[in-house]
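The values are calculated or read from the model by the stated rules, or taken from the named source; none is laboratory data. Computed from a predicted model, the values in this text were never measured in an experiment. Ligands, DNA and RNA are stripped out before the accessible areas are found, and what is left, the full protein with its side chains, is counted by its heavy atoms. Shrake-Rupley method; radii C 1.70, N 1.55, O 1.52, S 1.80 Å.
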Amino acid sequence: MKILFLLIAAAIGTPLLAQSATSPLTPDLPHTKTVLDALLKAGPVMVPLFLLSIFSVMLVIVYLMTIRRGAVVSSGYMATADALLRKRDYLGLLAVSNRHGEAIARVVQKMLDFTTKNPNADFQQVREIAETEGTRVAANLNNRVVYLADIGMIAPLLGLLGTVLGIIRSFGALGADLGTARYVLLSKGISEALVNTCAGLAIGIPAMIFYAFFRGKAQKLISELESATTHVLALLSLQYGGGGRTTERTPVLIEDEL
């Protein structure tokens, strides 16, 4: 019976002793790299990609603040312009337009500058001035939004460049006579290639998404600008057809008209 107990104790104790004997000899696994470490070690192409990411974020913030209805057509200005045009106070409307920064205010300002400097001009010439200025404002809006599309195309190409450089480094290490170290260099080159590809896509895809968003918003604002300009031209056409224009009233403040 004692012999049986000794055999059981020996069978249980042997794995524990073996585990305690081998556990100090187990090597520590290397810590996993963070995303920041991978980005910092992904090669020189990451520098322009990082700059492009900062620039795209700044553009999105600026567009959110500037590409909005209040910067193109505001209800307060349109109400004031409607009232002053019906009263034929062109000098007052010119003074109000000079104090406003909306796109429609610049269009009206160009029209009124032309009419005050050329009192004998006909309505067709005034319409051409309005259309020219409106086209310029619309082109300015569209050209600003295109910067995001440029970033959306350049960033993936830079990522592809970094990918090619990483693959070149990988094959160079694979062909070198470095023993087992070449496999380490091979893995580093592949990691660099994949990180560059991911970074280029991570910058380009959001840039194209925001480009599509702001392009649609800009087109909507351009349509509202065209509608507001048509309204102003319609009121001016009534004044031209109703017996001329007068400038008897002095410039008024927008608060007085509202």
**Q.** Phi to ³J(HN,Hα) by Karplus 6.51 cos²θ - 1.76 cosθ + 1.60 over the range 114-130, Hz, x for Gly, Pro
**A.** 5, 5, 6, 7, 10, x, 8, 6, 8, 5, 5, 5, 5, 4, 5, 5, 5
Q) What residues have an amide H closer than 5 Å to that of GLY43, excluding those fewer than 5 places away on the same chain, when H is modeled at 1.01 Å from N in the peptide plane? A) none
**Q.** Solvent-accessible area per residue, Å², over the range 80-194 with all protein chains present [probe radius 1.4 Å]
**A.** 53
